[in-house]
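First the structure, which I've put down as structure tokens, then a few questions once you've had a look.
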Amino acid sequence: MTDQVTAFKLALGNYPTGVTVVTTCHDTQPLGLTVNSFASVSIDPLLILWSLDKKSQLHSYFTAASTFAVNILASDQELLCTLFASKVPDRFAQAKWSMSSLDLPILHDTAAILQCKTYQQVDAGDHTIFIGQVLDITNSPKEPLLYHRRHIGEIPKSFYR
């Protein structure tokens, strides 16, 4: 690994992010994976983005999908984060979820859910950036789950002092 790659990983590993599980369907099969490369893009229209490694087993399914949901995990959903980051074949069998009115698998008890139609896909090195136009938003008053330096947890209470 080059010095630049090591420095890059160190810098971005020190940048705290929220944790999401992005979901879609292939035929009737729900698919999903843990993603922390999530950000807002635009207010008009409402756009968000996330990225996926081209080597991911789910890459071809997401590039073929016309819709997807971003499930923003709540601070008490660490087990869902690790489940959807794993190689477990049927992750949904171990999660509470349902199909939405937009025919997307959505996880229960999350901090928020953004259901999107694919707006654009951008080739970006070894990843694809997925830009989604938000069609439906569900919010709850829950605190988000955070990722920082390979640790997962809630926002410390001292943060708000």
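Tell me which residues, restricted to the stretch 41-71, are within 17 Å of Ile137 (Cα to Cα) and under 12 Å from the mean Cα position of the chain (by Cα).
Ile48, Leu49, Trp50, Phe68, Ala69, Val70, Asn71
In the stretch 83-106, which residues are over 15 Å from Val35 (Cα atoms), open to solvent by 50 Å² or more (accessible area, probe 1.4 Å) and part of a helix (DSSP H, G or I)?
Ala93, Gln94
What are the residue pairs meeting all of these: first residue in the stretch 123-144, first residue of a type in the set (D, E, K, R), second residue in a strand (DSSP E or B), Cβ atoms under 7 Å, and 6 or more apart or on different chains?
Asp126/Asp53; Asp136/Gln115; Lys142/Ala74; Glu143/Ala74; Glu143/Glu154
To keep it simple, each residue is scored yes or no on (1) in contact (Cβ under 8 Å) with a residue 60 or more places away in the chain; (2) of a type outside the set (Gly, Ala, Ser).
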site: Ile43; (1), (2): no, yes
site: Leu52; (1), (2): yes, yes
site: Lys55; (1), (2): yes, yes
site: Phe68; (1), (2): yes, yes
site: Ser75; (1), (2): yes, no
site: Ser86; (1), (2): no, no
site: Pro89; (1), (2): no, yes
site: Phe92; (1), (2): yes, yes
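The values are calculated or read from the model by the stated rules, or taken from the named source; none is laboratory data. In this text, all values refer to a predicted model and were calculated from it rather than measured experimentally. Cβ atoms come from the backbone with ideal geometry, glycine included; neighbour counts cover every protein chain shown. The area values use the complete protein model at the heavy-atom level, side chains included, leaving out ligands, DNA and RNA. Shrake-Rupley method; radii C 1.70, N 1.55, O 1.52, S 1.80 Å.
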